[in-house]
Amino acid sequence: MTVTAIIVAAGRGTRMGSTTPKQYLALCGQPVLRHTIRALLACTRITEIIVVINKHDQRLYDAAVAPLDDPRLQPPAFGSDTRSGSVRNGLLAATGEYVAIHDAARPLVSVDAVDRVLDQATKSGAAFLALPLTDAAWQVEHETAVTALPRNTIWRAQTPQVFLRADITRAHANHAGPADDDVAVAVTAGLAVTPVIGDDTNIKLTVAADFALAMNYMDRHMDIRCGNGFDVHRFGPGDHVVLCGIKVPHSHGLVGHSDADVAMHAVTDAIFGAIAEGDIGQWFPPSDPQWKGVASDVFLRKAVERATLRGFIVNNIDVTLICELPKIGPNSLMMRDSLATIIGISPERVNVKATTSEKLGFTGREEGIAAMAGATLMG
């Protein structure tokens with residue numbers, strides 16, 4: 001069974017009152033879309049993910065997915081003027097036997113909920129997450145209650161909505177006009193679609209108050225991890241050192257199997273430590289010649305990837321470089337920005353600072369550089 005998740009992210013979200021589309025607004029320090037993609041990546045039954053974006057949002061999309069290094073995440077498709085048109089474009093790019101169509105603005109969908117709706121869809125051919133209505137329901141016209149509706153027959157639709165790809169592709173091809181969701185398209189085409197109990201937490205972010213509710217849900221179930229890293233490298237021949245991915249002119253270089261970026265190594269170990277997945281030496285042993293001279297961002301990106309696959313985001317990083325020379329202060333902002341870009345977080349969540357060892361020890365004798373780093377992850 002192969003399943004393509006289509007995330008519909010081409011809308012403008014005008015009810016949010018922001019010039020930035022809501023799927024790119026920050027939720028607990030990360031773009032909403034990144035949370036949504038991570039939620040679906042956490043489901044191992046999803047074999048492919050295609051995000052349908054507005055053609056004008058490429059830069060926002062690239063920033064949102066920068067740290068999500070997973071082969072299941074395919075290049076984005078471009079949306080249309082309508083939701084139905086955007087879904088059709090996503091279907092053209094999909095390859096799975098089933099498709100799970102999901103709103104980008106539902107970042108809190110759980111793996112259990114996705115599994116439930118996939119289970120039902122494999123039995124009946126089509127299913128969607130929904131919640132039965134428990135409150136009294138009224139049809140309102142001109143701001144006046146007109147007709148009581150039988151609430152036992154009314155369900156509130158959620159996503160994902162799962163279909164056999166061939167069935168929903170035909171349904172969309174024959175559908176004229178707008179549709180509120182893909183269940184509407186399927187039912188119009190004569191498909192039977194089964195509701196599956198969803199989750200109260202699987203809310204759709206529509207107005208600003210929804211963000212506060214989502215943050216409350218995330219705080220309630222948040223798993224906070226902390227890790228630390230420490231590394232040293234001695235000086236050797238060279239005319240520069242690499243620190244946090246930035247070349248800093250110096251009378252010596254740093255000696256190491258890779259590029260000897262002592263700061264980035266410490267950050268990498270801090271992230272591996274936070275998720276209890278060993279250290280940089282276990283993932284990239286110096287005895288392996290393939291890592292000879294490799295830029296250390298390869299190591300850091302792997303640590304971020306592993307954290308993401310475990311359901312965590314990097315909340316903040318703090319790095320201390322210990323050396324007499326070179327001077328770190330003039331380059332600290334560039335180092336901060338470099339780490340932030342690689343990790344995929346905002347620069348204000350990264351701190352790079354330096355201290356000396358008051359002429360004591362090997363750093364005091366200017367024989368090398370040491371670095372220590374702390375990382376906080378949230379999941």
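The values are calculated or read from the model by the stated rules, or taken from the named source; none is laboratory data. From a predicted model like this one, the values you see are computed outputs, not experimental measurements. Cβ coordinates were reconstructed from backbone atoms using ideal geometry, including for glycine residues, and neighbour counts include every protein chain displayed. Side chains are part of the model used for accessible areas, which takes the heavy atoms of the whole protein and leaves out ligands, DNA and RNA. Shrake-Rupley method; radii C 1.70, N 1.55, O 1.52, S 1.80 Å.
Residue selection: Ala266 satisfies the criterion of being in contact (Cβ under 8 Å) with a residue 24 or more places away in the chain, outside any loop (DSSP other than H, G, I, E, B) and of a type in the set (A, V, I, L, M, F, W, C). Of the candidates Asp200, Asp210, Asp180, the single residue that is at pLDDT below 95, within 25 Å of Gln23 (Cβ to Cβ) and not in a loop (DSSP other than H, G, I, E, B) is Asp210. Scanning region 351-379 for residues that are over 13 Å from Leu243 (Cβ atoms), of a type in the set (Val, Ile, Thr), touching a Ser or Thr at 6+ places or on another chain (Cβ under 9 Å) and assigned to a strand (DSSP E or B) turns up just one, Thr355.
Listed by first and then second residue, the pairs with beta-carbon distance under 6 Å, at least 6 apart or on different chains, first residue in region 159-187 and free of Cβ contacts under 8 Å to residues at least 24 places away in the same chain, second of a type in the set (Gly, Ala, Ser) and open to solvent by 40 Å² or more (accessible area, probe 1.4 Å), are Ala171/Ala189.
In the condition set (1) out of contact with any His (no Cβ under 9 Å at 6 or more places or on another chain); (2) within 27 Å of Ala113 (Cβ to Cβ); (3) open to solvent by 20 Å² or more (accessible area, probe 1.4 Å), Cys28 is compliant with all but (1). The number of residues in region 260-314 being of a type in the set (Asp, Glu), in contact with an Asp or Glu (Cβ under 9 Å, 6 or more places away or on another chain), more than 27 Å from Asp219 (Cβ to Cβ) and surrounded by fewer than 24 Cβ atoms within 10 Å (Cβ to Cβ) comes to 2. Here Leu205 clears all of (1) open to solvent by less than 20 Å² (accessible area, probe 1.4 Å); (2) out of contact with any Asp or Glu (no Cβ under 8 Å at 6 or more places or on another chain); (3) outside any helix (DSSP H, G or I); (4) at pLDDT 95 or above except the condition numbered (4). The residues in region 334-350 that are under 13 Å from Ile271 (Cβ atoms) and assigned to a loop (DSSP other than H, G, I, E, B) can be counted, and the count is 2. Would it be correct to say that Ala166 is open to solvent by less than 70 Å² (accessible area, probe 1.4 Å), touching a strand residue (DSSP E or B) at 6+ places or on another chain (Cβ under 7 Å) and either among the hydrophobic types (A, V, I, L, M, F, W, C) or at positive phi (or both)? No, not satisfied.
Among the residues making up region 185-197, those that are open to solvent by less than 70 Å² (accessible area, probe 1.4 Å), within 13 Å of Trp155 (Cα to Cα) and outside any loop (DSSP other than H, G, I, E, B) are Thr194, Pro195, Val196.
Quick check on my filter: what residues within region 95-122 are farther than 15 Å from Thr36 by Cβ and open to solvent by less than 10 Å² (accessible area, probe 1.4 Å)? Hits for region 95-122 are Gly96, Val99, Val117, Leu118, Ala121. Filtering region 233-246 to residues that are surrounded by 17 or more Cβ atoms within 10 Å (Cβ to Cβ) and either under 27 Å from Val304 (Cα atoms) or of a type in the set (Gly, Ala, Ser) (or both) leaves His233, Val241, Val242, Leu243, Cys244, Gly245, Ile246.
When region 232-263 is filtered for residues that are within 17 Å of Val298 (Cα to Cα) and either in contact (Cβ under 8 Å) with a residue 60 or more places away in the chain or part of a strand (DSSP E or B) (or both), the ones remaining, listed by number, are Val242, Leu243, Cys244, Gly245, Ile246, Lys247, Val262, Ala263. Among the conditions (1) of a type outside the set (Val, Ile, Thr); (2) under 26 Å from Ala307 (Cα atoms); (3) open to solvent by 70 Å² or more (accessible area, probe 1.4 Å); (4) in a loop (DSSP other than H, G, I, E, B), the only one that Asp62 does not satisfy is (4). Within region 323-347, restricting attention to residues that are open to solvent by 30 Å² or more (accessible area, probe 1.4 Å) and in contact with a Ser or Thr (Cβ under 9 Å, 6 or more places away or on another chain), the residue that is modelled with the lowest pLDDT is Pro347.
Here is a yes/no grid of residues against (1) under 12 Å from the mean Cα position of the chain (by Cα); (2) assigned to a loop (DSSP other than H, G, I, E, B); (3) surrounded by fewer than 21 Cβ atoms within 10 Å (Cβ to Cβ):
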residue	(1), (2), (3)
Ile6	no, no, no
Arg12	no, yes, yes
Thr19	no, yes, yes
Arg34	yes, no, no
Leu68	yes, yes, yes
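On the basis of being out of contact with any Gly (no Cβ under 9 Å at 6 or more places or on another chain) and either under 18 Å from Val109 (Cα atoms) or open to solvent by 20 Å² or more (accessible area, probe 1.4 Å) (or both), does Arg45 make the cut? Answer is yes for this residue.
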